[in-house]
Amino acid sequence: MQGWKRAVIFGSLGAGALLLLGGRKAPGMIVAAAGLAVLASEHPEAFETIWQDAPVYIDRGVRIFSALSAIGERVAEEAARSGGRAWREMVTE
């Protein structure tokens, strides 16, 4: 990969991340997408594989999010039910 392409890719991804962290979502997504487009033009076969496997990744993400959500709900229920006592019991287990 040529040096200027590397600079464009890493520069735009870094700038996009900084813009996103700074609360400027739309410009951050646009700049990051430009970097990803340059990266995809350099390695199209890798992006094709990721695109084909996307449903599997999304399914795994949904399952992980569901499990974390259930854990959070249980912690909230226990905290509401018995307050500090439940928290101390969970921490000591």
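We did not get these values from a lab; they are worked out from the coordinates using the rules stated. What you are looking at is a predicted structure, and each value in this text was computed from that prediction instead of being measured. We place every Cβ from the backbone using ideal geometry, glycine too, and count neighbours over all the protein chains shown.
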Quiz item: Which label belongs to the value computed from this structure, given these candidates for semi-axes √(5λ) of the Cα gyration tensor in Å: (1) 55, 12, 11; (2) 19, 14, 12; (3) 42, 19, 11?
Solution: (3)
Quiz prompt | Most mobile listed residue (I71, I30, I58) in the chain, GNM with C-alpha springs under 10 Å | solution = I71
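Would you calculate, for the chain, the mean residue ellipticity at 222 nm contributed by helices, counting each DSSP H stretch of 4 or more residues as -39,500 (n - 2.57) and dividing by all residues, to the nearest 500?
-31500 deg cm²/dmol
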Self-check item: Segment L20-I58, length gained on full extension (0.36 nm per residue, minus Cα span)
Solution: 11.5 nm
Quiz prompt | Rounded FRET efficiency, nearest 0.05, which uses the C-beta distance separating L68 from F47 and R0 of 22 Å | solution = 0.20
Quiz item: Given the Cα-Cα distance of V91 and V8 and 0.36 nm per residue of separation, how much length would full extension add, in nm?
Solution: 25.2 nm
